[in-house]
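These notes concern the structure reproduced below.
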Amino acid sequence: MKKFIFILSFTFMMFLGINNVKATDIDFADVKDDLLRGNPVEVTASDTLTFQGETWIGNDGRITLTSGKATLQYTNSYVNITLDGDASINKGKQFILQLDLGSSNILPVKLIINSDMTLNIDGSLAIPSGSKGVLVNNGTVNINGNLEVRSNGTYESTGQTNLYGNLAFYRTDNNIGNIKIMMYENGNVYSQSEIKDNLVIGEKNTDNYIWEITNNDKKYTSITANLDSNFIYGYTLAKQTVNDPMIDDKNDNSNNIENPQTSDNILIYVALAIIAVLGIITTLVFVKKEFK
């Protein structure tokens with residue numbers, strides 16, 4: 001009986017624990033005043049944050065948290081969104097790092113990916129110019145769709161940047177420092193300033209081909225229609241076919257063997273000719289002495 005009561009009590013407690021983990025629907029309008037006073041707003045992977053009637057963070061929203069949480073806090077005139085979990089900019093969605101509150105009140109957003117966290121850009125992420133948005137990567141950013149760093153936007157990274165899609169860098173000054181961008185097949189860079197030194201080939205070479213960074217057509221279509229799509233610089237990866245090293249080695253070895261043999265034959269012929277000449281001269285001298 002005691003065992004039965006224990007199991008029943010345990011099951012009841014587990015039931016209460018599960019039901020205490022509830023998804024929360026957060027309307028930005030309800031937390032805006034608190035947020036602008038500097039109080040943090042937390043959104044977990046099971047929550048939904050709506051902004052002006054649209055899902056901003058949540059399942060099928062602009063951003064989906066796959067683990068952990070996102071913390072929003074208004075600091076130094078920026079709305080900081082700090083990811084303490086993995087997240088995705090969903091395919092078919094775009095996220096611009098600014099909050100348009102209306103009446104010309106646009107707040108810049110700083111999106112921060114913490115260490116060991118991953119942001120997958122499957123849709124499009126724009127770091128805007130006018131509001132001077134900022135993307136800070138201390139973890140990993142996988143660009144599968146589009147990342148646009150516009151004229152006054154800033155990308156800071158001490159983490160890993162993997163490029164499988166498009167990176168459009170509108171700035172005319174190279175302000176990304178020593179950031180390394182790992183390029184993979186189908187990845188493209190479009191830039192108004194020279195950033196080739198920041199590009200690293202992520203693909204592995206094989207015996208049959210090697211990867212190299214080459215120029216692309218420098219034409220990119222922005223997610224915002226009125227932005228210029230022509231760039232001064234543009235790069236992608238291409239395969240460079242190489243010969244089979246085993247065949248090359250065989251050819252090299254055969255050449256190394258044939259050349260000495262030919263040389264040896266010539267030397268033998270020369271030596272025989274010299275011996276023959278010396279023999280004739282000796283014979284003539286001997287005959288001449290005999291007839292004296």
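The values are calculated or read from the model by the stated rules, or taken from the named source; none is laboratory data. If you're wondering where the values come from, they're calculated on a predicted model, not measured in any experiment. Positions of Cβ are generated from backbone atoms using ideal geometry, with glycine treated the same way; all protein chains shown enter the neighbour counts. Note: accessible area is taken over every heavy atom of the protein model, side chains too, but ligands, DNA and RNA are not part of it. Shrake-Rupley method; radii C 1.70, N 1.55, O 1.52, S 1.80 Å.
One table, with the values for the structure above:
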item: Mean-position separation - Cα centroids, the range 45-81 and the range 136-209, in angstrom; result: 25
item: Neighbourhood net charge (14 Å Cβ-Cβ; Lys/Arg +1, Asp/Glu -1) for residue 191; result: -1
item: Gained length - residue 104 relative to residue 201, 0.36 nm times residue gap less alpha-carbon distance; result: 30.6 nm
item: Listed pairs 69/110; 180/219; 69/180; 110/218; 132/180; 69/93 exceeding 25 Å between Cα atoms; result: 69/180; 110/218
item: Distance between modelled label sites at residue 59 and residue 218, nm, 7 Å Cα→Cβ extension; result: 4.7
item: Surface per residue (accessible, 1.4 Å probe) for the range 120-239, Å²; result: 44
item: Three-way shape label, the range 34-111, alpha-carbon gyration tensor, a/c 1.5; result: oblate
item: Cβ-derived FRET efficiency at R0 25 Å, residue 94 paired with residue 232, nearest 0.05; result: 0.50
item: Calculated FRET efficiency for the pair residue 37/residue 173, C-beta based, R₀ 41 Å, to 0.05; result: 0.70
item: Using a Förster distance of 51 Å, the FRET efficiency for residue 76-residue 23 (Cβ separation, nearest 0.05); result: 0.95
